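Here's the structure, in structure tokens; my notes come after.
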Amino acid sequence: MAARLALYVNEEETVEAAGGTLSIRGLCKSYALEDRQVSVLKDIQLDIKPGHFVCIVGPSGCGKSTLLRLIVGLDSDYAGEILLDGARITAPSLDRGIVFQDHRLFPWMRLDENIALALLNHDYPKAEKERRVAEYIRLVNLTGFEKARPHQLSGGMAQRAAIARALVNEPRILLLDEPLGALDALTRVYLQKELQRIWMERRVTMIMVTHDVEEAVYLGDEIIVMDAHPGRIKRSIKIPLPHPRDRASSPLQDIREEILNELTATSPEPDHLEEAVRI
Amino acid sequence: MMKPARRIFGLLTGLAVPLLCVGAWELASRQSAAHAWAFVPVNEVWRSFWALLNNGDLALNFLASLRSMLTGLILGSLLGIAVGALMGVSRIANILIGPLYHMVRQVPLMGWMPLMGLWFGTGTFSKNLMVVVAVFYPMVLHTYEGIRNAEKHHLEVAQVFCFTRWQTFVQVSLLDALPSIFTGFLNALAFAWVATVGSELLFGTGAGLGSLMLIAQSASEMEVVIVCIVAIGVTGCLMNYGIGRIRKWLLGWRYM
């Protein structure tokens, strides 16, 4: 693999970005299940450079969503260290944004109100907030839909709105928890391109959890392959191909095949009852 | 939107059973003089209705009841939402207030009447208080449930954007609880109307449909009693319908 990849290695590109270096050291996470401790994440080591796009793939129950929840700060009960630009993460902060699989827009608010709500705890003057909301609505190509309510939007549009809401704070890191997983195939491909464009325009560090290996190799500078029970990093693959990428290019196809083979070598379904318990 | 023809058909079907009852009533009243005393003939009820309408008795008493109900409904709702919300967001408040609330709630409303009469007399204050209490119960319960069952995913969004507790409450919990609060309000509306007329019947002071019924009963004017009963029923029904419409308009996003 290394030899094959060497063919495509460019100089490690230097990206100018306002911070966003994530270091995870010896991260462990376990839950109490009845009378036992179930280990969900075990000894995770991860370094993510500013401006990089990292994709995490792995079977169900490998703790990839848990990892994102820990990074965003929704759960602070862990052992080890998660450091963003050297500071330990203990709670949510506006320098980290997240997009979930469901858009989670508030149904009682219009699209622009939903996005503006993310700025609630910023001190910007009103005009500046409005400017930013408009800017990010434009970024995700939803100009003209400002006054729409979430139920009036299609799944893809709602998810784009969720991306705008997560980015409007200009976070150093954007976490994406299977953001395109619930969309139909065509919308998904379209939004993958959109996501790539947004990332190239903004160069914000992105970490995306996905089930879709093709999506991961299309978007990621680095693919983290995880294994389950306990969740751990099995392997990390760098894809030093420039963006935007050609989905059908043979190097991408090769890497995709390799990762797929690796993930499907054993049954992806949990084979014990207690492991099937979704935590 | 239903087609007009279907709506009219629906309305007529809904009226069929009440009209049948009126027919049966009229039939019963024609059996004998004794029957006519118990089941006042429909035309006599109608005449009584016009008389009460013309001499202003109906309007006076109806408005008195309505005012009593609305006062209690507004105060009781505000109080109920406040207490329910407090119990919903604060565990300590729930531990402190919860048991007392659930205990007191078990006592039937009418059970408080002797005590209230003793403490506050049988005037307007006691009557309003009865309505406030009647409204308070369902409002507390539904506000509490609504806030407790607020969408967890929405609360996580609030967390991610670093909302304060107050911001989370105002921007998320309360709005997520709104459908439940409205259900509580619909219940409260029925209870308020029942409590209004009930307290008028039992205290028997001042103006009000309940008082009018009481006086008519002692004067053996059954037709007046029936006019009052119909007025109470129709008003309650209309209010229920009105609130339902308001809910649909206000919470349209819930039904899409």
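What follows draws every value from the coordinates through simple rules; no lab data is involved. All figures in this text were calculated on a predicted structure; none of them were measured in a lab. Here Cβ is always computed from backbone atoms with ideal geometry, including for glycine, and neighbour counts include all displayed protein chains.
Between the alpha-carbon centres of the range A:62-110 and the range A:175-206 there is a gap of 18 Å. Listed cross-link partners A:Lys49/A:Lys193; A:Lys49/A:Lys129; B:Lys127/B:Lys248; A:Lys193/A:Lys234 are compared with a 24 Å cut-off, the Cα-Cα value being larger for A:Lys49/A:Lys129; B:Lys127/B:Lys248; A:Lys193/A:Lys234.
With 13 Å as the cut-off, how large is the P(r) tail for the range A:105-170, expressed as percent of Cα-Cα pairs? Result: 55 percent of Cα pairs exceed 13 Å. Over all pairs of different C-alpha atoms in the range A:120-279, the reciprocal of the mean inverse distance, the Kirkwood hydrodynamic radius, equals 17.9 Å. For the range B:1-128, the convex hull drawn through the C-alpha positions has a volume of 238 cubic angstrom per residue. Looking at the protein assembly as shown, send over the antiparallel percent of its DSSP beta bridges, to the nearest 5. Once the DSSP bridges in the protein assembly as shown are tallied, antiparallel ones form about 55 percent. The translational diffusion coefficient of the range B:54-168, from Stokes-Einstein at 37 °C and 0.692 mPa s with a Kirkwood hydrodynamic radius over alpha carbon pairs, comes to 200 µm²/s.
Pairs of alpha-carbon atoms within less than 8 angstrom and 6+ residues apart define the contacts here; what relative contact order does chain A have, in percent? Relative CO of chain A lands at 26 percent. Overall shape of the range A:137-184 was characterised from the C-alpha gyration tensor. The equivalent ellipsoid obtained from it has semi-axes of 18, 15, 8 Å, in decreasing order. Over the range B:37-255, Cα pairs under 8 Å with separation of 6+ residues give a relative contact order of 28 percent. The slack in the chain from A:Ser236 to A:Asp184, taken as 0.36 nm per residue of separation less the alpha-carbon distance, amounts to 15.9 nm.
Run through every distinct alpha carbon pair of chain A and return the Kirkwood hydrodynamic radius in angstroms, one decimal place. Computed over Cα pairs of chain A, the Kirkwood hydrodynamic radius comes out at 19.6 Å. Taking every DSSP beta bridge that has both ends in chain A, the antiparallel portion is near 55%.
Its Cα gyration tensor gives the range B:37-255 an equivalent ellipsoid; the semi-axes, largest first and in whole Å, are 40, 20, 12. Computed log10 I(q)/I(0) for the range A:27-109 at 0.15, 0.20 Å⁻¹: -0.65, -1.08, from the Debye equation with unit scatterers placed on every C-alpha and solvent omitted. Near A:Asp75, once Lys and Arg are set to +1 and Asp and Glu to -1 for all other residues with Cβ below 9 Å from its Cβ, the sum equals +1.
Once Rh for the protein assembly as shown is found with the Kirkwood sum over Cα pairs, what is the Stokes-Einstein diffusion coefficient at 20 °C and 1.002 mPa s, in µm²/s?
76
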